[in-house]
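Here the structure is laid out as structure tokens; the discussion comes afterwards.
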Number of protein chains: 2
Amino acid sequence: MPIADSVLLTDLYQLTMLQTYHAARMQEMAVFDLFVRRLPAERGFLLAAGLEQALDYLGNLHFTAEELDWLTDCGRFNPSFVAWLETFRFTGDVDALPEGTAFFANEPILRVIAPLPQAQLVESRLINLLHYQTLIASKAVRCVLAAPGKLLVDFGMRRAHGAEAALLAARANYLSGFAGTATVLAGMQFGIPVFGTMAHSLIQAHDREEDAFEQFAAAQPGNVTLLIDTYDTEAAARKLVGLAPRLQERGIAIRGVRLDSGDLAEHACQVRRILDEGGLNQATILGSGDLDEQRIAELLAVGAPFDGFGVGTRLDASTDAPTLDMVYKLQEYAGKPRRKRSEGKATWPGRKQIYRRSTDDGTLISDCLSLEDAPQPGEPLLQPVMREGQRLAPPESLSAIRERVQQQLTALPPALRANQADPPYPVEIALELREMAAQIDREMH
Amino acid sequence: MPIADSVLLTDLYQLTMLQTYHAARMQEMAVFDLFVRRLPAERGFLLAAGLEQALDYLGNLHFTAEELDWLTDCGRFNPSFVAWLETFRFTGDVDALPEGTAFFANEPILRVIAPLPQAQLVESRLINLLHYQTLIASKAVRCVLAAPGKLLVDFGMRRAHGAEAALLAARANYLSGFAGTATVLAGMQFGIPVFGTMAHSLIQAHDREEDAFEQFAAAQPGNVTLLIDTYDTEAAARKLVGLAPRLQERGIAIRGVRLDSGDLAEHACQVRRILDEGGLNQATILGSGDLDEQRIAELLAVGAPFDGFGVGTRLDASTDAPTLDMVYKLQEYAGKPRRKRSEGKATWPGRKQIYRRSTDDGTLISDCLSLEDAPQPGEPLLQPVMREGQRLAPPESLSAIRERVQQQLTALPPALRANQADPPYPVEIALELREMAAQIDREMH
């Protein structure tokens, strides 16, 4: 895990509840499910992401001396409880969807079975980690679906919500099928390919635009992509054509240009024509500027000759649906199924599994949410990933997750593959699960 | 700065541009403004926040040996450039709006004057830091305006976008007038008051709801707030009334209850009546569950007897406006004003100041954006905060920033104080500034 973590990155009530469990000696095994209650109206499916960081968090969970001192000094916790926290570790079992798996409302993407205090404490950060990457992967994959065969690059760092969001967005985008990111640290920490062009400021700092192009091209060992919309897009494209022979003499090839403002489709057509007529047929055109899957689809639908897109703000903040209704709920304690019945927020109890049915050629038909001990037809999706606090396998490579995503996309029903949220994908609730819920409700009355 | 930072948390193009500046010996002074191009349609004003973290970032800027090795190995950078980065530091000047200052479109909230490579490199992270806290402070203050005299607590950690967002949201919310946060680490790192109630899981883990209430109350040294909507809200309130005498005998007072689901206004009225009739007149009612300033205003408008609110997801992701169009643009290089003219994205050149005019009783009238050497009537807002890379003052206390925000709110025109975005607050562009822009445009043709 590249990001500094702290066990105190949690909600206060987790600690006051732990103090209660400690005082009441409530240490029996608890089963918690992490799931999304409803999909955003704009999403037909979600992609599970963030498991790697979640497992790393669980594996490293502990209180430092400084944190224990702070807990003592804050005056809310008694000495025997704080002393008990000194050796607190996560020793539970985790089952989860592999990263990159498509999923739907009410389907657990992660299940924790652990002594109640352990399973409780980790709620806030587990949601925080799985929520964000799942949110972003589910947005990024829509861009991937909208732009088949195009180069997609994450440009979102600056308006992602903080440092960790910027880093984890780069990871979520890449596993969803993006070619890479502009965020350098994500390249260093995750091995993600890093892309970049140039900013308007470099152009502005030169008195002549063509001088800026030449200086920038000369300073880069590899091929360069030049930004041509600072003053007059088509004029800049013509300058580039004029400059190309001199650059070629110096052994510098122009890989492409970037357009970042104005009528992108119109500019792309004009620029393509200018470049082609000037012999720069190989130079690619990259679009950027407030793009998302919808805008990309519109540009491609009118035949705008873009070879790729830089997607930033709308991606890394998932602006059309900036949060998911992701929760983590107790489903069993001390061997007894439990059910929250708050209005509009009731949950399905017990130890569950998701069974996914497909056609012979692999296209998804429907899912069934069932009790683990009442198997249904189809492939079970939740897989064991941690036992007694130990990971069962080394971290999965990002390339393996990328392959899984591509397989998933091929298997999606046509409406989902077309980025449509309707008709909703069918998720059945198995009879045994409905009966268990009804039984709990009867006992509560 | 409590959060691990890295100079490589930047966009690749900053580094390739730096290599260009290094090769071309472009080291003259550059002036960059950081500002918001347009306010979101839902916002009448924004609150500047995040300066403390931005200055800390600038003050600590350097490349570690590991980072330099990675840059060498990635194959894009030549040895003399990487060697030059070894001693790279930020030695520039910064002027900024004090945190908690209200501001509007096109007004610089931070200005950097530094040798071009330094001023360039810091763009991505400066936006990343100032964007998020400004976004959240500007959302939080709307909740503060909507709920005068009510206790407001940040509950948003779990669905904030990552760890840093969760921490910095707690800070931004607190400086805007929230009473505190549920995020424990924000208490430890920023000294923000920490609040908490209990989760449904603690109730569910007990066979009887009243046992859960009693165990939880008994385990907390102070007063407790109990969550009463897990099964039947009014029934739980009555259980609490029945339980209160026994708790009082043990010296435990019930501070209040929390409602998290269903028709919050209706439940609050019923629960208030039950608590009052049961002698628990002092017990407060806290509301939570998908709240924001609009929902809070609706609840208070119908007279729902809430004493406070926990505000989470919609606050820490600012869901109605999850990003700001915040940019950082070159306005002068080597003593010469510069202007980007990209379609729809033209900027105001030169070294600028904001002048704010108020009535005699302090109510804001209008702002004027002008050149620094062409002063206008009113109070200049940008203040020097860093010279030659050194901070001019120690970090401002959060309480001082909180006071500034409260003063600002008193001074807002009535429409802005009522959370209305119309009519827009007037920001004039001074004649001298318009003439400078026109002059640059003429020279470019």
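Just so it is clear, none of the values below were taken in a lab; they were calculated from the coordinates. Computed from a predicted structure; not experimentally measured. Positions of Cβ are generated from backbone atoms using ideal geometry, with glycine treated the same way; all protein chains shown enter the neighbour counts.
Quick one: what are the phi-derived ³J(HN,Hα) couplings along the range B:240-252, Karplus 6.51/-1.76/1.60 with θ = phi - 60°, whole Hz, x for glycine and proline?
In residue order, the calculated couplings are 5, 4, x, 7, 4, x, 5, 5, 4, 4, 8, x, 9 Hz.
Could I have the simple spin-label model distance between residue A:208 and residue B:223, label points 7 Å from Cα toward Cβ, reported in nm to one decimal?
For the pair residue A:208/residue B:223, the computed spacing is 7.5 nm.
Can you give me the Cα centroid spacing of the range A:338-415 and the range B:413-431 in angstrom?
One Cα centre to the other: 51 Å.
Starting from the Cα gyration tensor of the range B:327-431, take the square roots of the eigenvalues, sort them a ≥ b ≥ c, and report rounded, prolate or oblate (rounded when a/c is under 1.5, otherwise prolate if a/b is larger than b/c, else oblate).
The shape class here is oblate.
Between residue A:431 and residue A:357, how high is the FRET efficiency from 1/(1 + (r/R0)^6) when r is the Cβ-Cβ distance and R₀ = 22 Å? Nearest 0.05.
Approximately 0.85, to the nearest 0.05.
Which percentage, to the nearest 5, of the DSSP beta bridges contained in chain A is antiparallel? Walk me through the intermediate numbers first.
Numbers: 35 of 55 bridges.
Once the DSSP bridges in chain A are tallied, antiparallel ones form about 65 percent.
Please list, ordered by chain and number, the residues whose modelled amide H lies under 5 Å from the amide H of residue A:197; skip anything fewer than 5 residues away on the same chain.
HN-HN under 5 Å from residue A:197: B:13.
Computed FRET efficiency, Cβ-Cβ of residue B:29 and residue B:250, R0 60 Å: what is it to the nearest 0.05?
Working from the Cβ atoms, E equals 0.30.
If you rank A:113, B:109 by fewest surrounding Cβ atoms within 10 Å, what's the result?
Result, fewest neighbours first: A:113, B:109.
How do A:74, B:368 line up, fewest other C-beta atoms within 10 Å first? Write out the running numbers ahead of the final one.
Working: A:74 14, B:368 22.
Fewest to most other Cβ atoms nearby, the residues stand as A:74, B:368.
By how many nm would the segment from residue B:84 to residue B:415 lengthen if fully extended, with 0.36 nm per residue of separation less the alpha-carbon distance?
Working it through step by step, the gained length comes to 113.9 nm.
Taking all pairs of distinct Cα atoms, average 1/r, flip it, and tell me the Kirkwood hydrodynamic radius of chain B in Å to one decimal place.
24.2
Tell me, how many Å apart are the Cα centres for the range A:264-303 and for the range B:191-262?
Taking the Cα centre of the range B:191-262 as reference, the centre of the range A:264-303 is 60 Å away.
Compute the FRET efficiency between residue A:72 and residue B:392 as 1/(1 + (r/R0)^6), taking r as their Cβ-Cβ distance and R0 = 30 Å, and round to the nearest 0.05.
The value I calculate is 0.20.
Below 29 Å, Cα to Cα, which lysines can residue B:139 reach? Residues fewer than 8 away in the same chain don't count.
Straight-line reach from residue B:139, under 29 Å: A:139, A:329, A:345, B:150, B:329, B:345, B:352.
How about the range B:209-247: which chymotrypsin sites (Phe, Trp or Tyr not before Pro) there are in a DSSP loop, with at most 10 other Cβ atoms within 10 Å of their Cβ?
Those that pass, being in a loop and sparsely packed, number zero.
If you place +1 on the Cβ of every Lys and Arg, -1 on the Cβ of every Asp and Glu, and leave all else neutral, what size is the dipole of chain B about its Cα centre, to the nearest 20 Debye?
About 560 debye.
Identify the residues of the range A:6-25 with backbone N under 18 Å of a label point that sits 7 angstrom from the Cα of residue A:62 along the Cα-to-Cβ direction, or state none.
Inside the label zone: A:6-9.
Pop out the ³J(HN,Hα) list for the range B:344-356 in order, Karplus 6.51 cos²θ - 1.76 cosθ + 1.60 with θ = phi - 60°, rounded to Hz; leave Gly and Pro as x.
These are the phi-based 3J(HN,Hα) values: x, 9, 5, 10, 8, x, x, 8, 10, 9, 9, 10, 10 Hz.
Relative to the longest principal axis of chain B, what angle (0 to 90°, nearest 10) does the C-alpha long axis of helix B:431-444 take?
Tilt relative to chain B: about 50 degrees.
Please list the non-local residues whose amide H lies under 5 Å from the amide H of residue A:151, H modeled 1.01 Å from N, same-chain partners needing a gap of 5 or more.
Sorted by chain and number, the residues that satisfy this are A:308, A:309.
With a point put 7 Å past each Cα toward its Cβ, work out how far residue B:334 is from residue A:441 in nm, to one decimal.
Distance between the two pseudo-spin positions: 7.6 nm.
Can you give the translational diffusion coefficient of the protein assembly as shown in µm²/s, computed by Stokes-Einstein from the Kirkwood radius over Cα pairs at 10 °C and 1.306 mPa s?
Translational D for this selection: 55 µm²/s.
Give the long-range amide H neighbours of residue A:336: residues separated by 5 or more places, or on another chain, with amide H under 5 Å away, using H modelled in the peptide plane at 1.01 Å from N.
When sequence neighbours closer than 5 places are left aside, there are no close amide H contacts.
Let me know the volume per residue of the alpha-carbon convex hull for the range B:148-316, in Å³.
Measuring per residue, one finds 115 Å³ for the Cα hull of the range B:148-316.
Please arrange A:336, B:345, B:329, B:352 by counting, for each residue, the other beta carbons lying within 10 Å of its beta carbon, fewest first.
Arranged by neighbour count, lowest to highest, A:336, B:345, B:329, B:352 become A:336, B:345, B:329, B:352.
Show me, for the range A:273-279, the HN-Hα J-couplings you get by feeding each phi into the Karplus relation (A = 6.51, B = -1.76, C = 1.60, θ = phi - 60°), rounded to Hz, glycine and proline as x.
Result, rounded to whole Hz: 5, 4, 5, 5, 5, x, x.
Which trypsin sites (Lys or Arg not before Pro) in the range B:184-272 sit in a loop by DSSP (not H, G, I, E or B) and have at most 11 other Cβ atoms within 10 Å of their own Cβ? The partial results should precede the final answer.
Details: sites: B:208, B:238, B:239, B:246, B:250, B:255, B:258, B:272; in loops: B:208, B:250.
Answer in residue order: B:208, B:250.
DSSP loop trypsin sites (Lys or Arg not before Pro) in the range B:25-109 with at most 14 other Cβ atoms within 10 Å of their Cβ, which ones?
Taking the range B:25-109 and a limit of 14 other Cβ atoms within 10 Å, the loop trypsin sites (Lys or Arg not before Pro) found are B:25, B:38, B:89.
Who wins for biggest fluctuation among A:249, A:428, A:372 in a Gaussian network model of chain A, springs between alpha carbons below 10 Å?
In the Gaussian network model the winner is A:249.
For the range B:110-225, what is the convex hull volume of its Cα atoms per residue in Å³?
Expressed per residue, the convex hull around the Cα atoms of the range B:110-225 is 135 Å³.
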